[in-house]
Amino acid sequence: MCGIIAYIGKPDKTLHVLIEGLKRLEYRGYDSAGIAVLGSSGIRIVKSEGKLLNLLSRLEGVSLNGSPGLGHTRWATHGVPSERNAHPHVSGKTVVVHNGIIENYQELKDELRRKGYRFNSDTDTEVIAHLIEDFSLKGFSLEESVREAFKLLEGTYAVAVISEREPNKVVGIRKFLPLILAIGDGEVFLASDIPAVLPFTRNVVLLEDGDIAILEKNRFRITDPEGREVKRDVFSIDWDPITVEKGGYKHFMLKEIHEQPQAVLDTIRGRVFLEEGRVFLKGIEDSWVADVNRIVAVGCGTSYHACLVGRYMIEKLSRIPVDVDLASEFRYREPVVDEKTLVIAVSQSGETADTSYALLEAKRRGAKTLAITNVFGSKIARESDVVVYTHAGPEIGVASTKSFTAQLVVFYLLSLFLGISRNRLTDAYSLQLIKDILALPQLLQHVLRLDSEISALAGEFYKYKNFIYLGRGLNYPIALEGALKLKEVSYIHAEGYAAGEMKHGPIALIDEKMPVVVVAPQDELLYRKLVGNIQEVKTRKGRVILLTSKGSVNEFYGWVDRFVEIPKTPYLISPLISVVPLQLLAYYIASYRGTDIDQPRNLAKVVTVE
Ligand code: AGP
């Protein structure tokens with residue numbers, strides 16, 4: 001994981017750029033942070049264990065003028081979180097920051113030690129610095145040294161390098177991990193992602209695998225691994241830099257929960273045509289899906305839960321059978337897919353290693369591939385045949401919220417497209433489904449008004465040590481998602497179950513110390529059965545928090561502990577609404593417990609290791 005930033009340009013601006021960039025990259029890892037600036041008296045490095053805040057207090061009162069500069073925020077893989085293992089890493093006159101893993105680092109380390117290099121950290125990264133320095137000492141230029149060193153390195157990486165020997169250059173290289181180049185006025189940047197540079201420029205180049213970028217303050221070149229120049233397009237990014245600020249909210253998570261009406265509106269916009277009763281998803285034609293006889297949806301964590309909801313939607317509207325797999329399992333099962341299978345890879349970041357490898361495996365086996373992702377030009381977007389973007393805007397909080405609802409919207413639209421394309425839906429029904437999704441942003445506004453009520457509820461329940469979440473049908477994945485949210489931000493143990501499974505084991509856990517959150521919006525099929533499941537829990541003295549539709553509360557008075565009333569919605573829309581109170585509940589419970597909500601321990605927003 002880790003976040004990297006590099007800058008070459010105005011010496012009095014370097015430190016500011018590095019710090020602002022790192023603030024926006026900290027979601028990628030926060031075990032340590034560090035910077036390097038090349039000034040008139042050589043390279044100065046400041047680093048610190050833990051969050052960026054620690055580094056910032058070290059930098060207080062320090063004047064660091066110079067250019068170029070490097071910055072890094074770390075999610076530890078090789079070597080414990082410590083100052084010694086914090087980046088940048090140095091060898092002689094070479095300084096390096098790295099995101100990724102060097103798989104053959106041990107052999108290289110042994111070899112470098114035999115040559116007399118001393119290691120000052122336990123990281124795999126340090127071999128990169130020594131290798132580049134070694135080639136430089138043999139007379140290679142910085143660019144050549146990087147090229148030669150990377151011929152010896154196995155693994156995945158995005159790296160930025162500076163050297164005192166060539167103080168007017170930054171060299172960057174990427175393989176499998178994200179690295180973008182951005183162009184300002186007399187300044188050029190490298191960063192792990194776009195938001196890191198948004199305060200300074202909107203002009204961005206998405207580097208491709210194997211690209212080596214050579215930055216000087218007024219120009220840049222990109223070459224392939226052999227040194228041949230390659231051309232890449234410059235994109236102008238229309239994200240508003242303000243969307244990557246907290247905007248008055250205490251945490252990004254809360255802000256992003258409240259951004260959901262806008263996120264779904266932006267994801268729907270331009271894709272449904274009410275008058276024609278039609279759905280348009282760029283790149284997906286009737287002919288492209290005509291021979292698809294099976295769909296496999298893969299993702300991790302929250303994105304996996306979106307796949308589970310997607311299965312219900314697609315099967316209901318198109319009758320195409322759907323399998324859902326954890327991306328981390330798919331690749332190793334010798335998956336049975338062929339050219340008539342559509343494999344859908346779902347990933348907010350578009351960089352998750354497990355999902356990317358699953359996608360590549362599906363392609364290798366001849367499947368059609370479609371990505372649902374939030375990040376323009378991300379790895380998974382580029383690797384798939386077709387991309388449908390969620391337009392949720394940058395999501396900074398480690399816990400996925402608005403990207404999840406946007407993913408569900410894409411699944412809804414895709415299901416509708418497939419249903420129409422297969423003639424499975426009457427005109428009247430498709431029209432109704434379109435109207436239903438268009439009403440969603442307003443319904444979300446409505447459900448977000450529960451904010452203070454859920455905050456009070458959290459105040460009653462935050463001391464419990466375990467939670468169970470139950471749901472059925474479309475809301476079973478929502479129970480899983482509610483439990484995941486609670487776990488990751490509050491560190492409370494929580495399990496999600498299909499409510500019908502309770503009696504097959506988990507019911508043994510129920511007693512007066514077990515809050516059970518039941519997601520039971522009133523719908524045609526499953527509501528009655530859920531009422532039965534709630535009775536089973538109450539009989540065993542479990543404490544039931546019931547999430548149900550307005551109008552159905554009366555029948556529970558007296559025997560359910562707490563209610564949360566959500567708007568009554570059509571069945572296929574209900575998961576998009578019921579997930580919101582669960583996100584808020586997790587947020588406020590975590591807030592009462594005083595955890596680090598946007599950067600929970602041990603986690604990172606982008607998971608680029610298997
Ligand atoms: C969600 O809250 C988690 N932080 C995590 O499970 C996440 O959904 C998972 O790592 C997948 O990420 P992606 O969507 O970027 O691929």
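The values are calculated or read from the model by the stated rules, or taken from the named source; none is laboratory data. Remember, it's a predicted structure, so these values are computed and weren't measured experimentally. All Cβ positions, glycine included, derive from the backbone under ideal geometry; neighbour counts span all protein chains shown. Just the protein is used for accessible areas: all its heavy atoms, side chains included, with ligands, DNA and RNA removed. Shrake-Rupley method; radii C 1.70, N 1.55, O 1.52, S 1.80 Å.
Observations on the model:
- Considering (1) more than 28 Å from residue 495 (Cα to Cα); (2) within 16 Å of the ligand (Cβ to nearest atom); (3) among the hydrophobic types (A, V, I, L, M, F, W, C), the lone condition that residue 425 does not fulfil carries the number (2).
- Test: residue in region 192-205 that is in contact with a Cys (Cβ under 9 Å, 6 or more places away or on another chain) and either open to solvent by 30 Å² or more (accessible area, probe 1.4 Å) or not acidic (Asp, Glu) (or both): yes
- Residue satisfying all of: in region 485-495; hydrophobic (A, V, I, L, M, F, W, C) and in contact with a strand residue (DSSP E or B) (Cβ under 7 Å, 6 or more places away or on another chain); surrounded by the fewest Cβ atoms within 10 Å (Cβ to Cβ) among these: 492
- Hey, residue 482 in the same structural domain as residue 590 (by TED's automatic domain parsing) and in contact (Cβ under 8 Å) with a residue 24 or more places away in the chain or not: yes
- Number of residues in region 269-310 that are away from the ligand (no atom under 16 Å from the Cβ) and of a type outside the set (A, V, I, L, M, F, W, C): the value is 15.
- Number of the exception - residue 260 against (1) within 16 Å of the ligand (Cβ to nearest atom); (2) open to solvent by 10 Å² or more (accessible area, probe 1.4 Å); (3) among the polar types (S, T, N, Q): (2)
- For region 311-370, a residue qualifies if it is at positive phi and more than 15 Å from the ligand (Cβ to nearest atom), and the qualifying residues are 319, 334, 366.
- A count restricted to region 451-469 and to residues that are modelled with pLDDT under 95 and of a type in the set (A, V, I, L, M, F, W, C) stands at 0.
- Positions within region 455-481 being assigned to a helix (DSSP H, G or I) and either touching a strand residue (DSSP E or B) at 6+ places or on another chain (Cβ under 7 Å) or more than 21 Å from residue 514 (Cβ to Cβ) (or both), in sequence order: 455, 457, 461, 473, 474, 475, 476, 477, 478, 479, 480
- Positions within region 554-610 being touching a residue at least 12 places away in the same chain (Cβ under 8 Å), open to solvent by 60 Å² or more (accessible area, probe 1.4 Å) and more than 22 Å from the chain's Cα centre (by Cα), in sequence order: 555, 559, 562, 565, 568, 592, 593
- Residue in region 295-307 that is surrounded by fewer than 19 Cβ atoms within 10 Å (Cβ to Cβ) and not charged (D, E, K, R) present: no
- Taking region 1-92 as the region of interest, the strands (runs of 3 or more DSSP E) fully inside it that hold 3 or more residues being within 29 Å of residue 118 (Cβ to Cβ) and open to solvent by 20 Å² or more (accessible area, probe 1.4 Å) are 42-49.
- Residue count for region 143-180 satisfying the condition of being within 25 Å of residue 42 (Cα to Cα) and buried (at least 24 other Cβ atoms within 10 Å of the Cβ): 13.
- Scanning region 1-24 for residues that are among the small types (Gly, Ala, Ser) and at pLDDT below 95 gives a single hit, 3.
- Residues that are of a type in the set (Asp, Glu) and either within 19 Å of residue 217 (Cα to Cα) or touching an Asp or Glu at 6+ places or on another chain (Cβ under 8 Å) (or both) within region 21-44 comprise just one, 31.
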